[in-house]
Every structure is written in structure tokens, then in C-alpha cells.
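Visitor: Attaching a single structure in C-alpha cells format; questions to follow.
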Amino acid sequence: MQARWLAALLMTTGLVVPLAASESEHAREPAGMLAPDGSRFPWWEWLAENGPVAALVWTSWVPRSELVLDAHDELRKACEERGLSLIVIDVQEPLVEAREALDPRGVVWVHDRHGAVLKRHRVFRLPRLLILETDGRMVAELEPRPEAVRAWSGP
């Protein structure tokens, strides 16, 4: 009884999003995904054209986030060695704060204000590196370190 009540509470607050097996992957387009200029970002199209990708799920308010960005170039190189494009997905903060943190660094990034990516892939720790196929399916969740990418035994 308590488990059902808790599940219902989490779903109504948006902390847990139930996945229906019959839903199309594209029907679950992250609604809040924006390009750095604030325009709607066609996430599924970008994945189809640039995937598979390593998506660094990141936000400026997490203590070790700056350290991860300090090693961005090395992380990007490790991803490229594995045939992956690297993109930063800034989550759960205002777009203006994302711009202030990421634009000066010259990284490729998009903005997910409400954390749809976190919910979809059940990410509980930030920053995290998600390996996503062109259809959006997550095949790995890694520590955002070049060594983790190089040690990953995936495709």
C-alpha cells in the first residue's frame, strides 16, 4: 500500500515519469530542449544526424561540475577516439546561467531546463556521461572522465 502511494506521489510531482511500451521514441521528445540561442532544439534529429553521442549531463550548481569542464577537451578527444560526438546538456537551471557558464568555454551544448533527459534516462548523479545511440537509446552511463570513456567496453 505504501509503495503504491509513494509511486503515485512521485509520478504526480513529475519526479518519476512512467514509460509506456507502445510510445514512440520521438513522441518523448524532451519538450524543454533548447539551443543556446533559446530556440527549440530538434533533439531527435540532431541525434539521428550526429549519433552515437556522448552526452555530458551537466549543471553549474553541482560542486564538481567545473572540474569536469576543465577537462572537456581531453574528454572530447577520448569520445572522438571511440567514434562519439560530445555534447553538453545543461539541466535544471535558467538558460541565462547556462550561457554564462558554457559560452565562454566554447563547448557544444544544449539546454534542458526541466531535466527531461534526467527523467528519461533515470540519472540521479550529476555530472554524468550518457552514451546514446542515434535513436536516443542509452547504452551506457559513465563517470565523465576520459579514462572512463577509454575503458568502456561498448561498441
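Visitor: Give me the residue from the range 55-75 that is among the aliphatic types (A, V, I, L, M) and either more than 13 Å from the chain's Cα centre (by Cα) or over 19 Å from residue 113 (Cα atoms) (or both) and, out of that set, surrounded by the most Cβ atoms within 10 Å (Cβ to Cβ).
Guide: 75
Visitor: Would you mind finding the one in 52, 30 that is more than 18 Å from residue 125 (Cα to Cα), touching a helix residue (DSSP H, G or I) at 6+ places or on another chain (Cβ under 9 Å) and at pLDDT below 95?
Guide: Answer to the selection: 30.
Visitor: Give me the helices (runs of 4 or more DSSP H) completely within the range 63-155, filtered to those with at least 1 residues that are touching a strand residue (DSSP E or B) at 6+ places or on another chain (Cβ under 9 Å), β-branched (Val, Ile, Thr) and within 22 Å of residue 36 (Cβ to Cβ), ordered by residue number.
Guide: Qualifying helices (runs of 4 or more DSSP H): 65-70, 116-121.
The values are calculated or read from the model by the stated rules, or taken from the named source; none is laboratory data. Computed from a predicted structure; not experimentally measured. All Cβ positions, glycine included, derive from the backbone under ideal geometry; neighbour counts span all protein chains shown.
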